[in-house]
1. Quick one: the Cα spread of the range 1-109 along its three principal axes, in angstroms, biggest first?
2. Taking the range 135-253, how much of its Cα-Cα pair set, in percent, is spaced more than 24 angstrom apart?
3. Which net charge results when you count Lys and Arg as +1 and Asp and Glu as -1 among the other residues whose beta-carbon is under 14 Å from that of Asn183?
4. Mind listing the phi-derived Karplus ³J(HN,Hα) values for the range 146-157, rounded to whole Hz, using 6.51, -1.76 and 1.60 with θ = phi - 60°, and x for any glycine or proline?
5. Measure off, as a whole percent, the carbon and sulfur share of the 1.4 Å-probe accessible area of the range 104-149, all protein chains present.
6. Counting Lys +1, Arg +1, Asp -1, Glu -1, what net charge surrounds Asp239 among other residues with beta carbon under 15 Å of its beta carbon?
7. Quick one: with all protein chains in place, what share of the accessible area of the range 182-307 is carbon or sulfur, to the nearest percent (1.4 Å probe)?
8. For the chain, set up a Gaussian network in which alpha carbons nearer than 10 Å are linked by springs, and say which option among Arg248, Arg226, Arg272 fluctuates the most.
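The values are calculated or read from the model by the stated rules, or taken from the named source; none is laboratory data. Remember, predicted model here, so these are calculated numbers, not experimental data. Glycine gets a Cβ as well: all are built from the backbone with ideal geometry, and neighbour counts include every protein chain shown. Each accessible area value is taken on the protein alone, full model and side chains, heavy atoms only, with ligands, DNA and RNA left out. Shrake-Rupley method; radii C 1.70, N 1.55, O 1.52, S 1.80 Å.
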Amino acid sequence: LLMSHIATATKVVSRMVAKAGLLNVLGKTGDTNVQGEQVTKLDIIANDMLQAMLDDLPMVAATASEEDESFVLTSAGAMTGRYLIAFDPLDGSSNIDANVSIGTIFSVRRRATVGTVVKEEDFLGPGSELVAAGYAVYGSSTMFVYTTGQGVDGFTLDPGVGEFVLSRPNMTLPDTCCCFSINQTNRNRWSAGTRAYVDHVLARATPRYAKTTGRYIGSLVADFHRNLIYGGIFLYPSDSASPGGKLRLLFEAQPLAMLIEQAGGSATDGRRRILDIVPEGLHARAPLVIGNTEDVACYGELVAAHG
Ligand code: AHM
Ligand code: MG
């Protein structure tokens, strides 16, 4: 029931994204969010839609969003609900106005005690405690991909009937590093270890990287989805401008780390497994290195050697 409510919300967001150019919902609102980023009109629409779909579910106690400073109690389940939902309602929002793929990322956590008022700390467990995670990607088709800890399944939205149809059962990473994804304009801000790894890949001198190709969309969810299908590695490392990383631990890194591990891959911050990191706050950030285990490990070795 919970998955179907989240999936329904993503169907509505998918329709809004598809019609955005016709409905005067492109562009920015003029506000900045808790992250200090420009808020787009579709960010708000997607945020409101997810919150509304989860508000009347007695099993959900509260939701937390990348767009909101604090968590929000639901009307139906604030005291009794067993689950806490965290989401990035519209990831990749800088790409919206250019019709480039964007998406929604979510995670589900079971709270320790039911029947008490939800506290922020209830959200701040390691990702290893998640009971489900997933995303929708609004691309050339809309896909809904999720895990409940027993593998990863992908569903394609059939717009004719308005239903998600199982199109990629049991998704697993192919064992090739097809795609290499990093924003290389940040190079002069990287650590020596990150530069060493990027140079190693770009040299294409080892069998592993001989056929690797660079791919970077700038929508994490779309970059992740492509790499899950083709194999590869995505990196948003710490750099001198963002020493703690740019991406959000709760709203982006944790759910995608659960998915990648379920698909046979790994996610680290360069040194630690993402799912072991305890967030310091709802909007905590983390460096993210995610993809095939062999490649994530290779990055870790070069960071350990060079810093
Ligand atoms: P957001 O669109 O939810 O704010 O997410 C941040 C985005 C990610 O989707 C993407 O991976 C990253 O920021 C791109 O950052 P950059 O433009 O610095 O390469
Ligand atoms: Mg995001």
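1. Principal axes ranked by extent give 42, 28, 19 Å for the Cα atoms.
2. 36
3. Charge balance in the 14 Å sphere: +3.
4. Per-residue couplings from phi come out as 8, 9, 10, x, 10, x, 10, 10, x, 10, 9, 6 Hz.
5. Of all accessible area on the range 104-149, carbon and sulfur atoms account for 49 percent.
6. +4
7. 49
8. Arg272
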